[in-house]
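Written out below as structure tokens is the structure these notes cover.
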Amino acid sequence: SMNFVQATAADGAVSFAGLRIPVPGEDDRTSRSVILGIRPTAFAATSGTGWPTLQVVPEVVEELGDERYVIFDVDAPRVDTEDTRAAVEARAADDALLVPEDRARFTVRLPTDVPIEVGRPTPLAVNPDRLYFFDPDSGLLRCEAGVTLDEIVAVALPQGWFLPVTPGTQFATVGGAA
């Protein structure tokens, strides 16, 4: 899975929700709107990482043995994919929508030794080496080899982009398709 959020890339960094993350190898100085993707595993407790820190307020903490999933909202516009639009359109009048309509919702995977409580502000570090970018104006994508073509299409297609060649499965990865 991937967390998506509207962000701005400029001056070798990406910014969203008041957080500015320097991006290794990114030297483009022009300001542009991008869709930023961050995997749940790209976050860590803040102690000793040296990574930029995002202050979050957990809404859900799900304990799963030796790991936990933490779900929180980010004060930045969410990215609509086919799945989020379908969820909004399919709900009945009395259904509760679990996706905020005006903000991005993130899911983070952390070890259980990190103290996390619902409603208690918590700093989380973001690994700048694990960021994914899609520029909806140019169609340019920056990602790791393990990103599936399905994940790319979920972000690119609503923006009017599609892969020029596709395999017979959506589960191929960027590295595996090369």
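Read-outs: derived from the displayed coordinates by stated rules, not from any lab. Just so it is clear, the structure is predicted and the values come from calculations on it, not from any experiment. No Cβ is skipped: glycine too gets one built from the backbone with ideal geometry, and neighbour counts run over all protein chains shown.
A few comments on the model shown:
- Cα-based Rg / Dmax (Å) for the range 1-91: 15.1, 45
- The simple spin-label model puts a point 7 Å past each Cα toward its Cβ; for ASP102 and ASP150 those points are separated by 3.4 nm.
- For the range 99-146, the dipole from Cβ point charges (+1 on Lys and Arg, -1 on Asp and Glu) about the Cα centre works out to 140 debye, to the nearest 20.
- The gain in end-to-end length when the GLU117 to LEU163 segment is fully stretched comes to 12.4 nm, 0.36 nm per residue minus the alpha carbon separation.
- Note on the chain: dipole from Cβ charges, positive end direction compared against PHE162, PRO77, LEU54; the farthest Cα belongs to LEU54.
- Largest GNM mean-square fluctuation among ALA90, ALA44, ALA17, using the chain with Cα springs under 10 Å: ALA90.
- For the range 1-73, the list of trypsin sites (Lys or Arg not before Pro) that fall in a loop by DSSP and count at most 10 other C-beta atoms within 10 angstrom reads ARG29.
- Charged side chains reduced to their Cβ positions (Lys and Arg at +1, Asp and Glu at -1) give the chain a dipole of some 360 debye around its Cα centre.
- A straight chain from SER15 to ALA45 at 0.36 nm per residue would run longer than the Cα-Cα distance by 8.8 nm.
- Options (i) 54, 22, 14; (ii) 46, 33, 32; (iii) 45, 45, 30 - which one matches Cα extents along the principal axes in Å as calculated here: (iii)
- Calculated FRET efficiency for the pair GLN170/ASP28, C-beta based, R₀ 30 Å, to 0.05: 0.50
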